[in-house]
Amino acid sequence: MADPNLPAWSEPFTPDARERLVRAAVQRVVDREWAWGGATGAGVKVAIIDSGVEGSHPVVGGRLVSSVAVEIIDDEATIVPDEPIDMYGHATACAGIVVGLAPEVEIYSVRVLGADLRGKGAAFLAGLEWAVEQGVQAMNLSLSSKSERLFPYFHDIVDDAYFKHVSLVCAVNNVAGLSFPSTFASVFSVAAHAIPDPETFFYNPSPPVEWGAWGVDVPIGWKDGGTTVATGNSFAAPHICGLVARILSKHPGLTPFEVKTVLAAIASDPATTTG
Amino acid sequence: MTDPGLTAALQALRQAARRSSVARRFDIDAEQALLQTIVDATVALFEAEASSIALFERDPDRLEFRVAAGAQGAGAIGLSVPPSRGIVGFVFSTGQPLALSDVLSDPRFDRATAERTGYVPRSIAAVPLVDQDQTVGVLQVLDKRTSPTFSLRDMELLAVFARQAAAAIRAARVQRDTHELFRTVLAQIGEGDASEADIEAVVSAATTGLDMDEETPFWQLVDRVAQLRNLSDRELRLVADILEVVAAHASRGRRSV
């Protein structure tokens with residue numbers, strides 16, 4: 001029994017708990033070969049809503065096609081062209097993981113983290129809205145907002161994304177309290193497991209986290225061409241995002257609902273996966 | 001100081017300051033001690049070289065390291081870093097817990113800041129301190145002696161510690177906001193004419209009176225009550241019952257001793 005005081009959103013994906021993830025056989029109607037065999041992510045646009053992707057970093061593989069930033073000008077969130085540099089390294093890490101799984105995706109970098117923290121939530125919101133309008137098919141959001149005031153706006157944009165068939169992949173935040181959009185039902189919410197394999201992922205039918213992907217000791221690209229090893233749900237989400245991009249490149253036009261169905265069907269078997 | 005409005009306001013402020021001072025006796029020391037306990041416990045639990053808590057402050061936006069523990073922790077205290085930099089800045093800005101290991105292989109890992117503390121870590125884990133709907137700071141831990149990396153379990157334990165820290169910080173912020181309120185009210189009384197120094201003078205005039213009260217039997221009683229925090233609920237109820245009788249007695253008029 002898990003300690004009730006722990007924010008154990010990764011707990012369902014631990015070796016002892018995984019038997020609870022076993023699903024009925026009817027879920028397993030397609031296999032990985034059907035889902036993404038031969039797929040490279042070609043033709044799929046993925047937005048990385050984060051700290052700005054470093055375009056020249058080797059892990060990004062030259063796949064960065066657009067860089068914008070959200071700046072707060074006169075209290076208005078405004079989209080401006082951005083240099084392909086990373087303020088922290090985090091966006092580059094996420095982009096690198098996506099490209100690692102789907103080497104021919106097109107990366108759209110939307111920098112929503114900047115020096116001015118006052119407009120942080122509004123910038124995130126505006127970046128998300130902009131990316132939806134660009135017609136990207138998937139997005140990686142390894143960040144979240146806690147602003148109760150912005151909740152209804154996020155809700156509207158996330159619904160809009162869903163109906164425009166944009167798969168939003170969100171790292172859940174292992175910290176108590178309101179946090180969105182990762183807690184919204186239509187998004188792909190992701191926590192970490194510790195099996196060092198980018199293609200091992202689990203489907204969890206119990207909220208609040210639907211997906212478990214590799215997020216412990218993940219080798220990542222970091223800022224200024226650097227590399228490091230990182231742990232966090234931040235690095236689990238882009239693994240799911242990369243796999244979503246693969247599926248979408250082989251089966252263009254799938255809705256987020258359909259992508260989730262395919263992912264659930266080909267998720268790692270919790271009964272037989274070791275590690 | 002002859003303006004009756006100002007006199008009345010000062011009277012009200014004096015009363016508010018008195019209450020705030022009482023509250024501080026209960027909370028502030030406990031808050032600082034609790035934050036210190038959290039970093040002490042973090043270091044012990046993780047067998048880490050250092051742990052510290054940085055709190056967000058405005059004008060300019062910065063993260064200030066307030067408490068630290070561990071063999072390599074002391075250098076961090078008092079250090080201030082912009083939220084747009086480093087692991088701590090990222091965790092603060094995104095609210096995402098994060099651990100990096102083998103950070104030395106990263107050529108630009110906020111090394112300047114690390115060097116200012118006199119210690120450059122090989123691994124770092126950081127979690128946000130979340131109070132209601134905002135992030136107020138970051139708890140970080142450097143270099144577990146037993147492992148080169150941090151596990152998921154480590155991250156979740158750190159999040160529990162962070163919750164405790166956030167609760168303690170919240171108590172402290174209420175105190176500070178009260179003092180900010182005094183300053184604002186005084187500034188308004190002066191209709192903008194009062195200089196910073198004038199305001200300080202009035203505030204210290206109001207609080208000097210309090211300090212002179214320090215050793216009165218009443219403040220000794222406050223200190224005694226503050227010491228009762230660790231009593232059980234049953235014992236506290238007993239004390240409350242006794243105090244209720246005393247308070248009823250007092251409300252019937254001051255008694256000469």
Within segment B:139-160, the count of residues that are surrounded by 16 or more Cβ atoms within 10 Å (Cβ to Cβ), touching a residue at least 12 places away in the same chain (Cβ under 8 Å) and either away from every other protein chain (no Cβ under 11 Å) or in a loop (DSSP other than H, G, I, E, B) (or both) comes to 7
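Per-residue answers, yes or no, for (1) surrounded by fewer than 18 Cβ atoms within 10 Å (Cβ to Cβ); (2) in contact with an Asp or Glu (Cβ under 6 Å, 6 or more places away or on another chain); (3) within 13 Å of chain B (Cβ to nearest Cβ); (4) of a type outside the set (G, A, S):
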residue: A:L168; (1), (2), (3), (4): no, no, no, yes
residue: A:E199; (1), (2), (3), (4): yes, no, no, yes
residue: A:S206; (1), (2), (3), (4): yes, no, no, no
residue: A:E210; (1), (2), (3), (4): no, no, no, yes
residue: A:I220; (1), (2), (3), (4): no, no, yes, yes
residue: A:H239; (1), (2), (3), (4): no, no, no, yes
residue: A:H251; (1), (2), (3), (4): yes, no, no, yes
residue: A:V262; (1), (2), (3), (4): no, no, no, yes
Residues of segment A:59-77 being more than 22 Å from the chain's Cα centre (by Cα) and in contact (Cβ under 8 Å) with a residue 12 or more places away in the chain, which ones? A:E71, A:I72, A:D75, A:A77
Can you name every residue in segment B:38-90 that is part of a loop (DSSP other than H, G, I, E, B) and within 14 Å of another protein chain (Cβ to nearest Cβ)? B:R58, B:D59, B:P60, B:D61, B:P82, B:P83, B:S84, B:R85
Inside segment A:205-240, the number of residues satisfying the requirement of being under 16 Å from the mean Cα position of the chain (by Cα) and closer than 22 Å to A:R18 by Cα is 20
Filtered residues of segment A:137-158 (kept if in a helix (DSSP H, G or I) and more than 9 Å from chain B (Cβ to nearest Cβ)): A:L150, A:F151, A:P152, A:Y153, A:F154, A:H155, A:D156, A:I157, A:V158
From the list B:L129, B:L79, pick out the single residue that is touching a Leu at 6+ places or on another chain (Cβ under 8 Å) and either aromatic (F, W, Y) or touching a residue at least 12 places away in the same chain (Cβ under 8 Å) (or both). B:L129
How many of the residues in segment A:25-43 are surrounded by 12 or more Cβ atoms within 10 Å (Cβ to Cβ) and modelled with pLDDT of 85 or more? 10
Going through B:V81, B:V103, B:V43, B:V91 one at a time, which residue ends up being modelled with pLDDT under 85 and among the β-branched types (V, I, T)? B:V103
For segment A:1-24, which residues satisfy the criterion of being within 11 Å of chain B (Cβ to nearest Cβ), modelled with pLDDT of 85 or more and in a helix (DSSP H, G or I)? A:F13
With respect to A:T231, is the statement that it is within 13 Å of chain B (Cβ to nearest Cβ) and more than 16 Å from A:I49 (Cβ to Cβ) true? yes
Can you find, within segment B:28-74, the residue that is surrounded by the most Cβ atoms within 10 Å (Cβ to Cβ) among those that are over 13 Å from the mean Cα position of the chain (by Cα) and over 19 Å from B:K144 (Cα atoms)? B:L63
Could you please give the count of residues in segment B:125-138 that are more than 10 Å from chain A (Cβ to nearest Cβ) and either surrounded by fewer than 24 Cβ atoms within 10 Å (Cβ to Cβ) or more than 22 Å from B:L35 (Cα to Cα) (or both)? 1
Any residue at all in segment A:106-115 that is closer than 18 Å to B:F90 by Cα and free of Cβ contacts under 8 Å to residues at least 60 places away in the same chain? yes
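Taking A:F184 as the residue in question, decide whether it is more than 9 Å from chain B (Cβ to nearest Cβ), more than 17 Å from A:C94 (Cβ to Cβ) and not in a loop (DSSP other than H, G, I, E, B).
No.
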What number of residues within segment A:82-132 satisfy the criterion of being small (G, A, S), within 11 Å of chain B (Cβ to nearest Cβ) and either surrounded by fewer than 21 Cβ atoms within 10 Å (Cβ to Cβ) or out of contact with any Gly (no Cβ under 9 Å at 6 or more places or on another chain) (or both)? 3
Residue within segment A:87-94 that is more than 28 Å from A:G215 (Cα to Cα), more than 18 Å from the chain's Cα centre (by Cα) and not polar (S, T, N, Q) present: no
Unmet requirement for A:E54, which otherwise passes all of (1) within 14 Å of another protein chain (Cβ to nearest Cβ); (2) outside any helix (DSSP H, G or I); (3) touching a Gly at 6+ places or on another chain (Cβ under 7 Å); (4) surrounded by 19 or more Cβ atoms within 10 Å (Cβ to Cβ): (3)
Criterion (in a strand (DSSP E or B), crowded, with 18+ Cβ neighbours inside 10 Å and touching a residue at least 40 places away in the same chain (Cβ under 8 Å)) met by exactly one of A:V244, A:V229, A:V190: A:V190
For residues that are closer than 21 Å to A:H90 by Cβ and away from every other protein chain (no Cβ under 13 Å), scanning just segment A:187-197, find the one that is farthest from the chain's Cα centre (by Cα). A:V187
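The values are calculated or read from the model by the stated rules, or taken from the named source; none is laboratory data. Keep in mind the model is a prediction, meaning the values are calculated, not measured. Note: ideal-geometry Cβ built from the backbone for every residue, glycine included; neighbour counts use all protein chains shown.
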